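Worksheet for the structure shown next.
The values are calculated or read from the model by the stated rules, or taken from the named source; none is laboratory data. What you see is a predicted model, and the numbers here were worked out from it, not measured in a lab. Because the Cβ atoms are built from the backbone with ideal geometry, glycine has one as well, and the counts that use them run over all protein chains shown.
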């Protein structure tokens, strides 16, 4: 019975791991697009007067984008921690499966 439960749990862990890896990839892509947008904003504002309202709006938008980037970093770190926990649990399940196989086939 332990073998079946461990095998099912291992499949669930692998599915969760794939989901987390996908989410990490989506966040990495979002961060890359965000960095590109910040770079574009910085290049647009170089020829404006420092006291112009347009430049001030660009600076505010750039600050908002930096805040979004920090939130994405935090979320990415949370997903990495969850991924590490899943990897540890996956190793535990593999050991359980191996132990059950040894016990089942020992004479």
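Of the candidates 13, 8, the single residue that is surrounded by fewer than 13 Cβ atoms within 10 Å (Cβ to Cβ), under 30 Å from residue 96 (Cβ atoms) and out of contact with any strand residue (DSSP E or B) (no Cβ under 8 Å at 6 or more places or on another chain) is 8. Here's a check for you: in the stretch 25-54, which residue that is in a helix (DSSP H, G or I) and modelled with pLDDT under 80 is farthest from residue 15 (Cα to Cα)? In this case the residue turns out to be 47.
Within the option set 24, 55, 41, 67, being exposed (fewer than 11 other Cβ atoms within 10 Å of the Cβ) and without any contact (Cβ under 8 Å) to a residue 60 or more places away in the chain holds for one residue only, 67.
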